[in-house]
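Contents: one structure, followed by commentary.
Since every read-out is calculated from the coordinates, none of them should be taken as a lab result. What you see is a predicted model, and the numbers here were worked out from it, not measured in a lab. FYI the Cβ positions are ideal-geometry reconstructions off the backbone, even for glycines, and counts take in every protein chain you see.
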Amino acid sequence: MSDRPADTVVLLGVTGGIAAYKAVEVSSRLRRAGAEVHVIMTAAATRLVTPLTFGSITGQPVYTDLLQEPRREAVEHIALARRAHLLLIAPATADVIGKLAAGIADDFLTTEALAVTCPVLVCPAMNADMYAHRAVQRNLQTLRDLGYLVLEPDHGRLATGAVGPGRLPDPEAIVARAMALLAGHGQDLAGVPILVTAGGTREPIDPVRFISNHSSGKMGFALAAAARDRGAKVTLVTAPATVSPPPGVEVVPVQTAQEMYDAVLERFADVRVVLKAAAVADYRVARPAPGKLKKGQAPTTLELELNPDILAELGHRKGRQVLVGFAAETGNPVAEALRKLRRKGLDLIVANDVSDPDSGFGADTNRVWICGPGDAVEELPLLGKREVADRVLDRVVSLL
Ligand code: C5P
């Protein structure tokens, strides 16, 4: 947390959702980032995780509504509220969201929420049907209207076995968002139209086979989610990926490089930033077979032809847009990336070495160099993809 003073105070509200266990990791990451963390638990949360767990990690007393805890004076609530730089509520159940929306203060956490003057980041987590319920959605909208920040839940398999939005984002993503708020770039992309591409294109051989690559889509999706959280209006043009796209962004699914080219070019004039994390096939099969090729009858060589280079085309047409490319390399990533930056007319290019297992395809981490403008090269340490995304966006903001 280099851009925050060491005395950063985070209040972490934990409510009684199944995902409460993830708050343990959140508190630990905040601590490691140098924050002073005070955990406030609802009564239901204390049945899922013990206050002692949080107390040991944070080195601070844990505030609960349990009567055996020494009750602190009301003024101490207020003193704590005044010292806080961020109130983070993760997970936030439908119940606490409803109370916050109504201004109800019937326990320590909801009372503190009314007393703080710092930003409040609410991270909803619940069953997908509950999350979709109009009452919950209305309450979340009320919170946004009141100035609360809401971190959209992830799509995924929930504790109930159902699949849908409602999953608490990974602790890393929650902490990255908290750090972004603490660093003061809470909504520094508010209203900015941003186009992100992700995934690996598929070039058909026949109706059942294709040529593709190992792209998981994770880096592009992390960029889309980070831009969304910073207030951007995000369009995500995505080729197939191994993970679900983040909610809260406009998703345009494509298959081939040509389809991605068409989808991106159609939108280019209306966006301010393009982040091209997709792994686009350089070649396609010249004449895909209209019917399934039969064993023994299929040709043993495939004739390929060059796909259009989307980014190079954007470089030609570029007006005010900030263009960011990605270069997944196995040789000398920085030299290769700088060459591509110049050739494609980019503002920035993010290089990584995909032969390194920590930054290879499908990894949750990435070790990158942000190259540009010009010959400038910034080497980043090994970071989670979400954190890399925020660092890239920091640079984009400085170019806007
Ligand atoms: O030339 P190379 O494929 O290594 O460049 C990588 C960058 O160029 C990525 O940002 C990728 O999305 C983009 N690209 C593209 N169209 C292509 C090939 C790559 O936009 N046909």
Towards the positive end of the charge dipole of the chain, with charges on Cβ (+1 Lys, Arg; -1 Asp, Glu), say which of GLN187, GLN60, HIS214 has the farthest Cα.
HIS214
Report the FRET efficiency, 1/(1 + (r/R0)^6), for ALA162 and ASP270, where r is their Cβ-Cβ distance and R0 is 35 Å, rounded to 0.05.
0.45
Over 35 Å, how big is the tail of the calculated P(r) for the chain, in percent of all Cα pairs?
33
Sticking with the crude label model, points 7 Å out along Cα→Cβ, report the distance from ALA286 to VAL397 in nm, one decimal please.
5.0
Net charge contributed by nearby residues that have their C-beta within less than 15 Å of LYS99 (K/R +1, D/E -1):
-4
Do any of LYS233/LYS292; LYS340/LYS385; LYS22/LYS99 go past 31 Å between their Cα atoms, and which?
LYS233/LYS292
At what distance in nm do the modelled label points of THR53 and LEU306 sit from each other, each positioned 7 Å from its Cα along Cα→Cβ?
5.7
Ignoring GluC sites (Glu not before Pro) that are buried or in helix or strand per DSSP, and keeping those with at most 11 other beta carbon atoms within 10 Å, what is the longest stretch of the chain between them?
74-302
Between PRO308, PRO381, PRO124, which gets the highest mean-square fluctuation from a Gaussian network model of the chain, Cα cutoff 10 Å?
PRO381
Of GLY319, GLY55, GLY16, the most mobile residue in a GNM of the chain (C-alpha springs, cutoff 10 Å) is GLY319
Applying 1/(1 + (r/R0)^6) with R0 = 51 Å to the Cβ-Cβ distance of GLU379 and GLN255, what FRET efficiency is obtained, to the nearest 0.05?
0.90
Charge sum, other residues only, whose C-beta stays under 10 Å from LEU236's C-beta, Lys/Arg counted +1 and Asp/Glu -1:
0
Of the residues ALA92, ALA44, ALA257, which exhibits the maximal mean-square fluctuation in a Gaussian network model of the chain defined by a 10 Å Cα contact cut-off?
ALA44
Test of understanding: extend the Cα→C-beta vector of LYS294 to 7 Å, then name every residue of the range 175-211 with backbone N under 15 Å from that spot.
none
Phi-based couplings in Hz for the range 318-325 (Karplus 6.51, -1.76, 1.60; Gly and Pro marked x):
3, x, 8, 5, 8, 10, 10, x
Return the whole-Å distance between the Cα centroid of the range 335-360 and the Cα centroid of the range 147-169.
33
Checking the a/c ratio against 1.5 first, then a/b against b/c, what shape does the Cα gyration tensor give for the range 113-203?
oblate
Once the Cβ-Cβ distance between MET130 and VAL208 is put in as r, and R0 is 35 Å, what FRET efficiency do you end up with, to the nearest 0.05?
0.30
